[in-house]
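Here's the structure, in structure tokens; my notes come after.
Only the coordinates and a few stated rules stand behind these numbers; no lab work does. Only a predicted model underlies this, so the values are computations on that prediction, with no experimental measurement involved. Here the Cβ positions follow ideal geometry from the backbone for every residue, glycine too, while neighbour counts run over all protein chains shown.
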Amino acid sequence: MIKKNDLFEAEITAVTAEGSGICRYEGMAVFVPRTAVGDRCIVRVVKVLKNYAFGRLEELLIPSPDRCTPDCSVSAQCGGCVYWHISYEAELKLKEQRVRDALERIGGFRGIEMQPILGAPNRNHYRNKCQLPIGLSRDGKLQLGFYAVNSHRIVDTHTCLLQPEQFDRAAEAFRAWHAITDESVYDETAHTGILRHLYMRRGEKSGDMMVCVVANSGALHEEELLVSMLREAVPEITSIILNTNREKTNVVLGKTCRTLWGRDSISDTLCGLEFEIAPHAFYQVNRTQAEALYGKAAEYAALSGSENLLDLYCGTGTIGLSMAHKAKKLIGAEIVPAAIENAKRNAARNHIQNAEFICGDAAHAAKVLYDRGEKPDVIIIDPPRKGCDPSLITTIAAMRPDRVVYVSCDPATLARDLKQFDADGYRITAVTPVDMFPCTAHCEVVVQLRLI
């Protein structure tokens, strides 16, 4: 009978979608973080549930050929990067297999030809945004870093290899400013104190950089000193903003922003279009891989210039706008009003005149278009992780577009939805996984569906 603190020797034979290794003990699957397929190791059981258990790597006896030495000093404590300990080639193979397994086991598809996963040219420094929670250690020292997995415990971090080094310099300047001013730190339990998050964004192409301090207040002590220290440490900074968040919430940003220095926003170029990036605006975290993802979506859309293109879950319009020049007309739909306004501004900013944006739930917007006689030739859907509502798939199928391009951030919900599309007369004709977030467990997928 398996029980907590049991020690056993095993070989890791597979990896979960979350990146944990899988072995077996007493007939039960045991999930072990930071292990690799082929590892021979000693595992300690840390938690036992009805059908599976969780373990901890106690000793590595024979390392997997996929193993490499992590060059991040806090990866084990932070837990955000589940694949630092294996080669990038091995990581890509795991993500590609995850997509294939989802299509076969959840979707029930056999013999689907997948194109090779589009890996990132650089595993490091790809993130153009970071949100660092601020706290105090037990001895009262400032903590600035990342939450450990499944907790609100801050792992104090002085560098993150996924983000540009400018962010590290800005964070160190912020620490130095705090050491001088001793500004109070927010306590989420008591809802007291000022400093909540340090939030940073950077335009990869433009070089613009924003530093945003999120505070439980409309002002900080020594604001001019903070501006001076940040600008001295990071001359690339073009925007320094104070965001006020007085809500008892886990949402990082509040509604009110005040510019302490520089511009109210930054800009960047994606797929040849220029986008304004305000603190609240959505923008792809990995710009380079976003271009690869959008390029594949455009290939699957196969626009010739005569088609009506419908972009559901359009957000700020980035995917649809990147293809507008190849379409007769672009219609985007999104439920978030601020995103729709941003999409309209993005269209105007790039002199795109054949785009219309509708604020509403994707299923409702699709039905409105259907009821008013709009016949889209191509529909793009980029839903959240939970996938599409079944009624939306039904409505899309009723509109009978020639092609549907499904951009997914979760292979499991993608496979479930593709099963319904298949039942409604749409066949999978092309699949490409895209690694948007190297070192993490996330994997994007682009699928082309054609009406049969």
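Relative contact order of the chain, please, whole-number percent, based on alpha carbon pairs below 8 angstrom and at least 6 residues apart.
12
Straight-line reach only, C-alpha to C-alpha below 13 angstrom: list the aspartates and glutamates that LYS386 could link to, leaving out same-chain residues fewer than 8 apart.
ASP410, ASP417
Between PRO235, ALA76, VAL404, whose Cα lies farthest towards the positive end of the dipole of the chain when Lys and Arg beta carbons carry +1 and Asp and Glu beta carbons carry -1, centred on the Cα centre?
Going by the charge dipole, the pick is VAL404.
Take the alpha carbon atoms of the stretch 278-350, find their center, do the same for the stretch 186-242, and report the distance between the two centers in whole angstrom.
30
Once you order the gyration tensor axes a ≥ b ≥ c over the Cα atoms, which shape class does the stretch 320-385 get: rounded for a/c under 1.5, otherwise prolate or oblate by comparing a/b with b/c?
oblate
Which pairs break 30 Å Cα to Cα here: LYS47/LYS255; LYS129/LYS255; LYS50/LYS248?
LYS47/LYS255; LYS50/LYS248
Which lysines have a Cα less than 24 Å from the Cα of LYS328, not counting those fewer than 8 places away in the same chain?
LYS296, LYS344, LYS367, LYS375
Using all alpha carbons of the chain, what is the percent of pairwise distances in each 20 Å bin, ordered from the shortest bin to the longest?
Whole-percent P(r) values from 0 Å outward: 22, 51, 26, 1.
Per-residue counts of other Cβ atoms within 10 Å, averaged by peptide: what ranking do you get for 388-394, 287-293, highest first?
287-293, 388-394
If we sort 42-52, 308-318, 409-419 on the protection proxy, mean other Cβ atoms within 10 Å, highest first, what's the order?
Ranking the peptides 42-52, 308-318, 409-419 by packing returns 308-318, 409-419, 42-52.
For the ranges 263-272, 88-97, what's the packing order if you count other beta-carbon atoms within 10 Å of each residue, average per peptide, and put the highest first?
In descending order of packing, they fall as 88-97, 263-272.
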